[in-house]
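Right, one structure below, let's go through it.
Nothing in this text is a laboratory measurement; each read-out follows from the coordinates by a stated rule. In this text, all values refer to a predicted model and were calculated from it rather than measured experimentally. No Cβ is skipped: glycine too gets one built from the backbone with ideal geometry, and neighbour counts run over all protein chains shown.
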Amino acid sequence: MKKKLLSVLLSTAMVAALLVGCGEEAPATGEGESSAADPVASDEVVEEGKVLNIYCWNEEFKSRVTDHYPGYVEVDGTTGTIGDVTVMWNITPSADNAYQNNLDETLLGQADAAADDKIDIFLVEADYAGKYVNTDYSLALSELGITDADLANQYKYTQDVVTDTNGNLKGSSWQGCPGVLIYSRAVAEEVLGTQDPAEVQEYVKDWATFQETAATMKDAGYYMTASVNDTYRVYSNNVTSKWVEDGVINIDENIMNWVADSKAMVDAGQTNTYDLWSDDWSKGFYPDGKVFCYFGPAWFVDFSMAADAEGSIANAGQWGACSGPQGFFWGGTWMCPATGTDNPTLVKDLILTMTANDDVLKEIVVDDNDFTNSKPVMDAMAADTSYSSKVLGGQNPLGMYCAGVETIDLSNLSDYDQGCNEEFQKAMKGYFEGTYATEDEAIAAFYAAVVEKYPALSAPQ
């Protein structure tokens, strides 16, 4: 098993997909080789460890536990306590794949690590969840005694992300991340003559209408979006095929629609090619940035649009939200129990409390404006007239999120998504900016980059 996970360290290919592509399958626990550690039998009384090790890439989950898990006491930035157990937060940023590299290296030594040094919980994102849930390093929730009934209120797509190829659920999330179109109320009023969400929706209801409105915005001195990358995830979430089919790289028709639409907008000066999270891309969070809209889920609205910065559109409560051309999701964080944990009882309680306790999940919505992973909670909050978003000018957007989450389809998710999406956007940026003279040149560069990243794959002939 070490050899299989080591293949991830040598490349960024997802473990399961890489092995299948090479004609090899990872054996299930107990078949051919042992897992990192055998699960504790349900009727066996075992003294639990005194240190709970959680591996993650930022402070988000830590803040949720600090604020909402009963009995958690914060000691310092990387340490807390739950009863007599010390909680250690191993936080490694995601940049340059640092988080995954650190996690991979530590998991390789999991079986031989001292009990209180073992990883107990690690966090994953949708783009690379398959890399971990399809190995024996992650533990099925059923091994902790968590049942389907315990998680019955969750949105199905959040479970699909962390279900392995054998049908075992190996993680759980406290949040759902359906997205909306977020628009400047002031620009909408000036250019469209309305800032009402239902009326603005008519100007962005499909991609053809979106393109027409982009021309109108350009004529009025505004960019439709800060970057072509703002719309990419909306298109890529609505594909009808996978990035890889039988080991051959495949570009879905809807991805090519994004290329055509984006090239037209760039050439017309209606948007730019900035990378997400760059300083230039973020200028649209302020009125002087002259940007009409962004796309994002609840976490983006409240945590990524400079809401705390004086002078920002968010700080003034001057964004609005509507459904936009297509439903989509962006992000999410999943808790995965690590095989070999010496704290199975506490791990179970953390997962159930943070991802399946409706009282806690409602508290997170009210206190943190997150969209949580409980259909009953979110349906009730969507109908609650007392709930509103300050960033969105007092609007309650939860009904749109609830409608959007029902449209999420992960049937075309693959273990190669992260790498393919990154390389495709990189190649197309070259095309939009003129580095590649033609679309075909950019596509050829994309194929070459993906094959280099995933040697088991091939470009179409």
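Couple of notes before you dig in:
- Column: log10 I(q)/I(0), Debye, Cα scatterers of the range 44-151, q = 0.17, 0.19 Å⁻¹: -0.98, -1.22
- Separation between Cα centres of the range 239-293 and the range 351-405, rounded to whole Å: 29 Å
- Ser411-Ser142 FRET efficiency (beta carbon distance; Förster radius 22 Å; 0.05 resolution): 0.40
- Per-selection metrics, the chain (Cα): Rg and Dmax in Å: 22.7, 71
- Each stretch of four or more DSSP H residues adds -39500 (n - 2.57); spread over every residue of the chain, this sum gives -10500 deg cm²/dmol at 222 nm.
- In this structure, the residue pairs whose Cα-Cα separation is over 32 Å, taken from Lys205/Lys283; Lys131/Lys218; Lys50/Lys242; Lys390/Lys426; Lys170/Lys242, are Lys131/Lys218; Lys50/Lys242; Lys390/Lys426.
- Once the chain from Lys50 to Ala264 is taken as fully extended at 0.36 nm per residue, the excess over their C-alpha distance is 71.2 nm.
- Exposed loop sites here mean GluC sites (Glu not before Pro) with a DSSP loop assignment and at most 11 other beta-carbon atoms within 10 Å; the chain contains its longest site-free run at 48-309.
- Cα-projected label distance for Ala306 with Thr78, points at 7 Å along beta-carbon direction, nm: 3.2 nm
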